Amino acid sequence: MSGARAVAVGWGVADASDRRWLAVAPPGVAPPPLTSLPPAGPLTTVVEGTTGPPDGAGTWRIVVDALDDQLEVLVAVAPADALDDDALAPAVAAIGTVLAVELRAAWLDEVVRRSTDVVVIRDAQLRIRWVSPQVTASLGWEPEDLVGLFGDHLGHPDELHAAAELLVEHAEGRGDFPPRRFRLAHREGGWRWFELGVSNLLDDPAVLGFVVVGRDVTAEVEATERLEAALTRLSHAAHHDPLTRLPNRVALTERLRAVVAGERGPGEAAVLFCDLDGFKEVNDDHGHEAGDRFLGVVGAHIRAAVRADDLVARYGGDEFVVVAVGLEGESEAVEVGERVLDAVRRSSASEWPDHTLSASIGVVMVDGHRSSDDLLRAADAAMYAAKFRGGDRVWLPQG
């Protein structure tokens, strides 16, 4: 170092033992090795708001405030002979650079430290280059467990294809992309929902990669799922009879209106109104609880007797309505009624051999000229016509 004139700039948190140094030399003078720089000892001069060096040899500093800590920028002169202003000019410029870099780094470190989001940086080949420490609290992984990997072992099997397509989309585009939700594997097992936002910063020399910011939305997703499940239960309860678990009058009205509007597919449609014959005697002899149980049995048998696309609803009391679709004509509608009638007979025989129950069934065809209410009234009138003729029959009015 004898005879050489060089300048070194060091920076770090005040009173820190691991101060970092940046060597800056005047033009034509090789910078000193880091090991030869003077240690951080007692400071001879404190300079605030000035750029010129103090008189004489030694170490001096500029003190600034950076967030919660005091940041100091040290300028060490080596060797201890006099330096002119031109020789110190690189040091003055370096001070500004070091300050800007250090303040920016401190700010970013503070943002990352206080954030609950997980930040991942992927390189141009999509390998993980850096992971923020929050990944440990969120997913149980240590950052070093993931660096150098693609991270596909974190994705849910059902979503790997969509995630791969998303990465390809990001690799081909630039800028920010709308966030998407994926399930990520926790190290201890199970899955956490994350909303992932990706920024393609391949063109940014400070990043040269993709920045992925993940927000844990598991609680939000689970709350939404619970709400949707509750709404589904409420909707089911609003559209189903609690006794027979068949669709109720509300569901029947909605379906019949759709059928009248033409939402029934090919073929014709019919409404069958069914009322049980002799059900009052069942209630009188066996009690209402047994009668309610029998209604559940009858409803299940009727449901099994019709086709998958037909609707079977409990209209009220011992009345059931079938909306049959895809029929070839009146004869097939009557056939559906005969199967319903047979289902009622079999239900009675299996439950109470000493009681012979049957049904009166009225049938009307959907013709597009009558409303759903008109069709129900017509089917109800046809049912009473069947009961007036002795019951245990299917009646389709003619003309």
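The values are calculated or read from the model by the stated rules, or taken from the named source; none is laboratory data. Computed from a predicted structure; not experimentally measured. Here the Cβ positions follow ideal geometry from the backbone for every residue, glycine too, while neighbour counts run over all protein chains shown. To get the accessible areas, we keep the full protein, side chains included, count just its heavy atoms, and leave off ligands, DNA and RNA. Shrake-Rupley method; radii C 1.70, N 1.55, O 1.52, S 1.80 Å.
Of note:
- Of the GluC sites (Glu not before Pro) found in the range 134-235, those in coil by DSSP whose Cβ has at most 10 other Cβ atoms within 10 Å are Glu188.
- For Asp277, the amide hydrogen comes within under 5 Å of the amide hydrogens of Ser358, Ala359, Ser360, counting only partners 5 or more places away or on other chains and with H modelled in the peptide plane.
- Neighbour-limited loop hits for trypsin sites (Lys or Arg not before Pro), the range 262-362 (at most 12 other Cβ within 10 Å; DSSP other than H, G, I, E, B): Arg307
- Relative protection proxy for 233-240, 210-217, 370-377, from highest mean packing down: 210-217, 370-377, 233-240 (other beta-carbon atoms within 10 angstrom).
- Point-to-point label distance, Glu338-Glu225, nm (Cα→Cβ direction, 7 Å offset): 5.0
- Over the range 113-272, the alpha carbon radius of gyration divided by the compact-protein estimate 2.2 N^0.38 Å works out to 1.57.
- Solvent exposure of the range 157-314, expressed per residue, is 56 Å² of accessible area, with all protein chains present and a 1.4 angstrom probe.
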